[in-house]
Structures are given as C-alpha cells and as structure tokens.
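See below for the structure under consideration.
Where a number appears in this text, it was derived from the coordinates with a stated rule and is not lab data. Note that this is a predicted model, so its numbers are computed, not measured. Quick reminder, even Gly has a Cβ in these numbers, built from the backbone with ideal geometry, and neighbours come from all protein chains shown.
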Amino acid sequence: MTVTVGVAGLWEAEQLADVAAVTFPLACPPGSTRESIDAFVADVLSHERFGDYLSDPGRTILAARENDSVVGYAMLVHGDPADPALAAVVAHSPTMELSKLYVLPGHHGGQVARALMTAALEHASATGCAGVWLGVNQENARAQRFYAKNGFEIVGTKTFTVGTEVHDDYVMERAL
Ligand SMILES: CC(C)(COP(=O)(O)OP(=O)(O)OC[C@H]1O[C@@H](n2cnc3c(N)ncnc32)[C@H](O)[C@@H]1OP(=O)(O)O)[C@@H](O)C(=O)NCCC(=O)NCCS
C-alpha cells in the first residue's frame, strides 16, 4: 500500500483527531493516568482544536495518507520559541517546532514516520529555517531513537503538562 505525505486540509480535522486520540497515549510515560490523558485529548486534540490548528497560519500539519485514510501526522509550529528557557537552549534561528509526530501503531517500523520527518524538514528548510527543535518525553525511548536516527540531539529539558500531571521532556534539535 502506498503512503503519501502532504499538507493536511480542513476537511481532515476529524480524521487527524481520531489518529491523535489513538496515538497520543503511546507517547505518555507508563504511570500516566487515563483521566489526565483523556483530559488532554479532549482539550488539545479534539476535532475542533484540529480545525483551529488547520486554520492557523502559524502552523502546518502534514498528513500521511494511505488511500484516503490518515495513518499519521506531523504538526509544525512556525517561529522561534517564546519561552525564554527554551530560547536559551535552542541554538538555531530562525527555527520551527516539530510539535507532534504521531503514526498509527500498525505503521510503526515502516516508512511512514520517515516520510513525515522528511516532509517536515523539507517544509522547515523551504521556509528559511536554520534548524528544527522538538520535545519528547524522557521515557519515550522509541521516539528518542527515531529522532536521533534523523539527526536530532538532546540540547536541554522542559516540562509538559498532561491533565494534572507534569511530565519531563528532553528538548532535541537539529540543524538544517
Ligand atoms: C515515534 C514514532 C513516530 C517513530 O516512528 P517508528 O516507525 O516507530 O520509527 P522507527 O521504527 O523508524 O524507529 C524507531 C527506532 O526505535 C527503536 N525502538 C523501538 N522500541 C524501542 C525501545 N523500547 N527503546 C529503544 N529503542 C526502541 C527501533 O528499533 C527503531 O530503531 P532502529 O531503526 O535503529 O531499529 C512512532 O513510534 C509513534 O508514532 N509512536 C507513538 C507516538 C509518539 O511517541 N510520538 C512521538 C511523540 S514526541
């Protein structure tokens, strides 16, 4: 089955939210509670919120599609980090945040994540970025390995709030 990656359209908000609801829990540390994950999915990853993200000129969502189904997505947030603590560890400017990269479990270990990463880096490069940064949970070894394979290095740490829980992330960055 051929998977293609392209910029997502507003009509894909519901499919993206469905993929996000399935894949977000996979990125959380084992001790995360169902309540906190559900609250995050409802607040940040709903159909309506994806509609907002898709309409926001400061963001780009890339969808990986197999036939007409979304099997993974990446979200890029344009602009240098506003948080001074993040700005202090992110070396390259202008930069872009690879805010989310999520692939349905049946497509892990294949070409989908790499195709999304390639498209994300091409997009950042085409818009004049000198680097790309991201946050990844410190217990998410698979994602860290994937990012390291794609040229990212740990440059710092940050926190990430999920419901009532505060999770510890690594900040990773690569030059373009
Ligand atoms: C992160 C993600 C996009 C990566 O895509 P993928 O198709 O799984 O990536 P790959 O298989 O190409 O690479 C993963 C690597 O981690 C390795 N790996 C798998 N499980 C691992 C583990 N528990 N510990 C360490 N490495 C692990 C794999 O062997 C592979 O390395 P290799 O190619 O050297 O063998 C995908 O796993 C995913 O969507 N995960 C759920 C959501 C998520 O965590 N997103 C990231 C949020 S920051």
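Just checking, does the stretch 8-23 include any residue being within 16 Å of the ligand (Cβ to nearest atom), free of Cβ contacts under 8 Å to residues at least 60 places away in the same chain and not in a helix (DSSP H, G or I)? There is no residue in the stretch 8-23 that is within 16 Å of the ligand (Cβ to nearest atom), free of Cβ contacts under 8 Å to residues at least 60 places away in the same chain and not in a helix (DSSP H, G or I). When residues in the stretch 91-123 are screened for being away from the ligand (no atom under 16 Å from the Cβ) and in contact (Cβ under 8 Å) with a residue 24 or more places away in the chain, 6 of them pass.
Scanning the stretch 114-134 for residues that are part of a helix (DSSP H, G or I), in contact with a strand residue (DSSP E or B) (Cβ under 7 Å, 6 or more places away or on another chain) and surrounded by fewer than 22 Cβ atoms within 10 Å (Cβ to Cβ) yields a count of 4. Residue count for the stretch 136-154, restricted to those that are surrounded by fewer than 18 Cβ atoms within 10 Å (Cβ to Cβ) and in a strand (DSSP E or B): 2.
Note on the stretch 60-82: among residues that are farther than 19 Å from Ala115 by Cα and without any contact (Cβ under 8 Å) to a residue 40 or more places away in the chain, the one that is surrounded by the fewest Cβ atoms within 10 Å (Cβ to Cβ) is Ala82. For the stretch 130-173, the candidate set comprises residues that are in contact with a helix residue (DSSP H, G or I) (Cβ under 8 Å, 6 or more places away or on another chain) and within 19 Å of His108 (Cα to Cα); within that set, the residue that is farthest from the ligand (Cβ to nearest atom) is Asn150.
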